[in-house]
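Notes to accompany the following structure.
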Amino acid sequence: MDLDKYFVKADLIPAIIQEKDTGEVLMLAYMNRESLQKTLETGYTWFWSRSRQELWNKGATSGHYQRVTEISADCDDDTLLITVEQTGAACHTGRHSCFFKKIK
């Protein structure tokens, strides 16, 4: 699979993580070519940590893994929607989803 088409506009692309069973959006993270490749190879999410400047396997430290069930690209091939089976919390705060702060 040619992954280069997803990284034409930028070295990092947003990846929206959605829970398979509920459709709930769990988090947004960024992927580079290597993290997308590792995700495809392992079946579990890998991201690029912008703060630590390193690859990050979601759940490697916490045990809260995300098993990938589907990956879709948007119409411009510059954003991914990744459907997962989430183990435990997706958010580093311990919440199931990172989107718990209601604005309106």
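The values are calculated or read from the model by the stated rules, or taken from the named source; none is laboratory data. Note that the structure is a prediction, hence the values are computed from the model and not measured. Quick reminder, even Gly has a Cβ in these numbers, built from the backbone with ideal geometry, and neighbours come from all protein chains shown. For accessibility, only protein heavy atoms count, side chains too; no ligands or nucleic acids. Shrake-Rupley method; radii C 1.70, N 1.55, O 1.52, S 1.80 Å.
Here are the numbers for the structure shown:
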| quantity | calculated |
| --- | --- |
| ³J(HN,Hα), Karplus 6.51/-1.76/1.60, whole Hz, each residue of segment 94-103, x for Gly, Pro | x, 6, 5, 10, 6, 9, 10, 8, 6, 9 |
| Packing-based ranking, highest mean first, of 66-73, 97-104 given that Cβ atoms within 10 Å are counted | 66-73, 97-104 |
| Distance violations [Cα-Cα > 31 Å] among LYS9/LYS58; LYS58/LYS101; LYS5/LYS101; LYS20/LYS104 | LYS5/LYS101 |
| Rounded to the nearest 20 debye, dipole of the chain from Cβ charges on Lys, Arg, Asp, Glu | 600 |
| Solvent exposure of the chain as accessible area per residue, Å², 1.4 Å probe | 62 |
| VAL8, VAL25, reordered so the largest accessible area comes first (probe 1.4 Å) | VAL8, VAL25 |
| The chain - mean residue ellipticity at 222 nm from DSSP helices (-39,500 (n - 2.57) per run, n ≥ 4, rounded to 500) | -3000 deg cm²/dmol |
| Interchain or long-range residues, amide H under 5 Å from GLN18's placed H | LEU26, ILE82, THR83, VAL84 |
